[in-house]
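Notes follow the structure.
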Ligand SMILES: Nc1ncnc2c1ncn2[C@@H]1O[C@H](COP(=O)(O)OP(=O)(O)O)[C@@H](O)[C@H]1O
Ligand SMILES: [Mg+2]
């Protein structure tokens, strides 16, 4: 298989009111990676996701998925959506069935699986996202966090190769944010690509294999999560703060031997281990 899952060239999207949400954007996404998409409100993250799932069509430019130019006929879209699952930023755009269980079953039923397989996957997805006890509840009375978990369960049950998650932790309390991130870690393997948009630099820094920064409908940075936070111009342009672990470590380095500068801790645990080594030194 092509190791590039998405290859995007000169992608431009103009909405009916004239707004250019994407502006000659080029980006290549490797298969099997965990990618964090960072950018201001209005940078074009959600619009990009809608393109990757074939829900919007380019005004100009093209997208290749697994080496083939994306097509928009019914058959092509059905096949794309079996492989690429999207969790919308606003769960109200995603949930429409009478109750939670029916909603989660909708996608898997459309994959043509038999009833038993659908039920098995739906039960598993509900358990993973901790929504089993909500299964008979109407979706429109759920809290935002509950709706987000139900939306994630609906995609989880379909087991796509590619996950697009538009701000999955926004509005969740810390417990469920951690649960969602742990869940993503558990589903990730070298055959799955996860692209997640977020405002949370701490989350992006610790979780991602690669960070993509968008600004004004363009990609202004793509690279590893340690390098991006060294790039003051990008941080300024995209209004990004530094992750706290990164910032603490940078402060500590001021009094250190420069040969130590190679490895940057990305989690609280790694930072504490660094401090421990230092103490014993
Ligand atoms: N349906 C729409 N019609 C017109 N403009 C839109 C529409 N959706 C988004 N936009 C505009 O496109 C730009 C990019 O939006 P969006 O992709 O939602 O950014 P982000 O997800 O990074 O916040 C913004 O200027 C936004 O106002
Ligand atoms: Mg958005």
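A short reminder: the numbers here are calculations on the coordinates, not readings from a lab. Bear in mind that the values here come from a model prediction, so they are computed numbers and not experimental data. All Cβ positions, even for glycine, are placed from backbone atoms using ideal geometry, and neighbour counts span all protein chains on display.
Sequence gap at least 6, Cα distance under 8 Å: using those rules, report the relative contact order of the chain to the nearest whole percent.
Working: 494 pairs, mean separation 64.6, N = 281.
Across the chain, relative contact order equals 23 percent.
Count the DSSP beta bridges whose two residues both fall in the range 163-281, then state the antiparallel fraction as a percent rounded to the nearest 5. Please report the intermediate quantities before stating the final value.
Values: 5 of 9 bridges.
Around 55 percent of the beta bridges assigned by DSSP in the range 163-281 are antiparallel ones.
May I ask you to compute the full-extension gain from residue 14 to residue 93, defined as 0.36 nm times their residue separation minus their alpha-carbon distance, rounded to one decimal in nm?
Details: separation 79, 0.36 × 79 = 28.44 nm, distance 2.10 nm.
Using 0.36 nm per residue and subtracting the Cα-Cα distance, I get 26.3 nm.
Between 101, 30, 250, which gets the highest mean-square fluctuation from a Gaussian network model of the chain, Cα cutoff 10 Å?
250
When the helices in the chain are scored as -39500 (n - 2.57) per DSSP H run of 4 or longer and the sum is shared across all residues, what 222 nm value do you end up with, to the nearest 500 deg cm²/dmol? Working shown, then result.
Values: 11 runs with 110 residues, N = 281.
Rounded to the nearest 500, the figure is -11500 deg cm²/dmol.
Hey, what did the range 1-150 get for relative contact order, percent, Cα under 8 Å, at least 6 apart? Walk me through the intermediate numbers first.
Details: 183 pairs, mean separation 30.0, N = 150.
Normalised by residue count, the contact order of the range 1-150 is 20 percent.
Suppose a student asked you for the relative contact order of the range 174-281, using Cα pairs under 8 Å spaced at least 6 residues apart; what percent would you report? Please list the in-between numbers first.
On the way: 78 pairs, mean separation 19.0, N = 108.
Relative contact order comes out at 18 percent.
Per the Kirkwood formula on distinct C-alpha pairs, the Rh of the range 163-245 is how many angstrom?
On the way: mean 1/r = 0.0736 Å⁻¹.
Across the range 163-245, the inverse of the average 1/r is 13.6 Å.
I'd like the antiparallel share, as a percent to the nearest 5, of DSSP beta bridges with both residues in the chain.
On the way: 19 of 38 bridges.
Around 50 percent antiparallel, to the nearest 5.
Highest GNM mean-square fluctuation, the chain, Cα pairs closer than 10 Å: which of 126, 248, 70?
Largest GNM mean-square fluctuation: 248.
At 7 Å along the Cα-to-beta-carbon direction for both residue 24 and residue 124, put a label point, then send me their distance in nm to one decimal.
Label at residue 24, label at residue 124, 4.6 nm between them.
Quick one: among 117, 82, 34, which has the greatest mean-square fluctuation in a GNM of the chain with alpha-carbon springs under 10 angstrom?
With Cα springs under 10 Å in the chain, the top fluctuation among 117, 82, 34 is at 117.
Compute the helix-to-body angle for 174-187: its Cα long axis versus the longest principal axis of the chain, expressed 0 to 90° and rounded to tens.
That works out to roughly 80 degrees.
Could I get the Rg over Rh figure for the range 4-242? Both from C-alpha atoms, Rh via Kirkwood, rounded to two places. Don't skip to the answer; put the middle values down first.
Details: Rg = 17.5 Å, Rh = 18.3 Å.
Radius of gyration relative to Kirkwood radius: 0.96.
Could you grab the Rg to Rh ratio for the range 1-69? Cα atoms only, Kirkwood for Rh.
Numbers: Rg = 12.1 Å, Rh = 12.5 Å.
Here Rg/Rh amounts to 0.97.
Just to verify a number: FRET efficiency for residue 280 and residue 247, C-beta to C-beta distance, R0 = 25 Å, to 0.05?
Values: r = 24 Å, r/R0 = 0.96.
For residue 280 and residue 247, the calculated efficiency is 0.55.
Angle, helix 268-280 long axis vs. longest principal axis of the chain, Cα atoms, 0 to 90°, nearest 10?
Here the helix axis deviates by roughly 20 degrees.
Nearest 10 degrees is fine. How inclined is helix 74-83 to the longest principal axis of the chain, computing both from alpha carbons?
The angle comes out at about 50 degrees.
For the range 108-157 and the range 6-53, what is the separation of their C-alpha centers, rounded to whole Å?
Cα centroid to Cα centroid, the span is 28 Å.
Can you tell me what percent of all Cα-Cα pairs in the range 135-281 are more than 28 Å apart? Please list the in-between numbers first.
Numbers: 3414 of 10731 pairs.
Value for the range 135-281: 32 percent of Cα pairs lie more than 28 Å apart.
Translational diffusion coefficient of the range 119-222 at 25 °C, 0.890 mPa s, Stokes-Einstein with Kirkwood Rh over Cα pairs, in µm²/s as a whole number. Don't jump to the answer; show the numbers that get you there.
Values: Rh = 14.8 Å.
Diffusion coefficient, whole number: 166 µm²/s.
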